[in-house]
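Okay, so here's the structure we're looking at.
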Amino acid sequence: MPGRILLDTNIVIALFAGENPVRERLSECPVVFLPSTVLGELYYGARKSSHAAANFARIEQLAAVVAILPCDATTARLYGEIKASLRSKGRPIPENDIWIAAVAQQYGLSLATRGEHFNQVTGLAVESW
């Protein structure tokens, strides 16, 4: 289904910063998903910020209107495949990003990101926002 998008952490941060291009792109998406890994990264960022309460509130608001996708055994299998492939190519990417890519592949979603390293993941549909 076109318009089904999985958000990377950097896109959520841009949304929280009020970037209009990100808001416009999101308005075109009928269904928006967030990997539980991204949710964890957001909570970690909020916890170490000087505006923790306000950031927690924004995260809670977002989590209430998007579908949160957890990691399961299928995600873990895909994670292993992706990590092995990246290692064989000599192209490692951050661990959490491998989990995010695995969730995107598991559910057949495009990943909205600003992280160019996701292009190293074979078969991952990436949208640069």
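The values are calculated or read from the model by the stated rules, or taken from the named source; none is laboratory data. Nothing here was measured: the structure is a model prediction, and the numbers come from that model. Here the Cβ positions follow ideal geometry from the backbone for every residue, glycine too, while neighbour counts run over all protein chains shown.
So, in the range 1-32, exactly how many residues are loosely packed, with under 14 Cβ neighbours inside 10 Å, modelled with pLDDT of 95 or more and at negative phi? So that I can check it myself, show each step before the final result.
Of all residues in the range 1-32, those loosely packed, with under 14 Cβ neighbours inside 10 Å come to 1-3, 17-18, 20-21, 23-24, 27-28, 30-31.
Checking which are modelled with pLDDT of 95 or more leaves us with 17-18, 20-21, 23-24.
Within this subset, residues satisfying the condition of being at negative phi are 17, 20-21, 23-24.
Qualifying residue count for the region: 5.
Restricting attention to the range 56-70, report how many residues are surrounded by 12 or more Cβ atoms within 10 Å (Cβ to Cβ) and outside any loop (DSSP other than H, G, I, E, B). Don't jump to the end; show me each part of the working.
First, pick out the residues of the range 56-70 that are surrounded by 12 or more Cβ atoms within 10 Å (Cβ to Cβ): 56-59, 62-63, 66-69.
From what is left, the residues that are outside any loop (DSSP other than H, G, I, E, B) are 56-59, 62-63, 67-69.
Total satisfying the criteria: 9.
For the range 37-55, which residues satisfy the criterion of being assigned to a loop (DSSP other than H, G, I, E, B) and in contact with a helix residue (DSSP H, G or I) (Cβ under 8 Å, 6 or more places away or on another chain)? If you could, list the steps in order and put the result at the bottom.
So the first thing to find is which residues in the range 37-55 are assigned to a loop (DSSP other than H, G, I, E, B), and the list is 48-51.
Result: Ser49, single match.
Filter the range 71-129 for residues that are touching an Asp or Glu at 6+ places or on another chain (Cβ under 9 Å) and basic (Lys, Arg); which is surrounded by the most Cβ atoms within 10 Å (Cβ to Cβ)?
In this case the residue turns out to be Lys83.
Among (1) touching a Gly at 6+ places or on another chain (Cβ under 8 Å); (2) under 17 Å from Glu127 (Cβ atoms); (3) at pLDDT 95 or above, there is one condition Asn55 misses while meeting the rest; what is its number?
(2)
Look at Leu34 and say whether it is among the hydrophobic types (A, V, I, L, M, F, W, C) and either in a helix (DSSP H, G or I) or farther than 22 Å from Gly3 by Cβ (or both). So that I can check it myself, show each step before the final result.
Working: among the hydrophobic types (A, V, I, L, M, F, W, C): yes; either in a helix (DSSP H, G or I) or farther than 22 Å from Gly3 by Cβ (or both): no.
No, not satisfied.
Among residues belonging to the range 33-55 that are small (Gly, Ala, Ser) and more than 25 Å from Ala101 (Cβ to Cβ), point out the one that is surrounded by the fewest Cβ atoms within 10 Å (Cβ to Cβ).
Taking the range 33-55 as the starting set, the residues that turn out to be small (Gly, Ala, Ser) are 36, 40, 45-46, 49-50, 52-54.
Subsequent filtering for residues that are more than 25 Å from Ala101 (Cβ to Cβ) retains 49-50, 52-54.
On the way: Ser49: 12, Ser50: 6, Ala52: 13, Ala53: 8, Ala54: 12.
My answer is Ser50.
Modelled with pLDDT of 95 or more, within 22 Å of Arg25 (Cα to Cα) and assigned to a loop (DSSP other than H, G, I, E, B): does that describe Leu111? Show your work before the answer.
Details: modelled with pLDDT of 95 or more: yes; within 22 Å of Arg25 (Cα to Cα): yes; assigned to a loop (DSSP other than H, G, I, E, B): no.
So Leu111 fails the test.
Do we find a residue being closer than 17 Å to Val12 by Cα, in a strand (DSSP E or B) and in contact (Cβ under 8 Å) with a residue 40 or more places away in the chain anywhere in the range 86-100?
Within the range 86-100, not a single residue is closer than 17 Å to Val12 by Cα, in a strand (DSSP E or B) and in contact (Cβ under 8 Å) with a residue 40 or more places away in the chain.
Say whether the condition of being more than 25 Å from Pro21 (Cα to Cα) and of a type in the set (Lys, Arg) is met by at least one residue in the range 91-113.
Yes, the range 91-113 has at least one match.
List every residue pair whose Cβ atoms sit under 8 Å apart, with the two residues 6 or more apart in sequence or on different chains, where the first one lies in the range 9-24 and is within 16 Å of Tyr43 (Cα to Cα) and the second, anywhere, is acidic (Asp, Glu).
Partner pairs satisfying both residue conditions: Thr9/Glu41.
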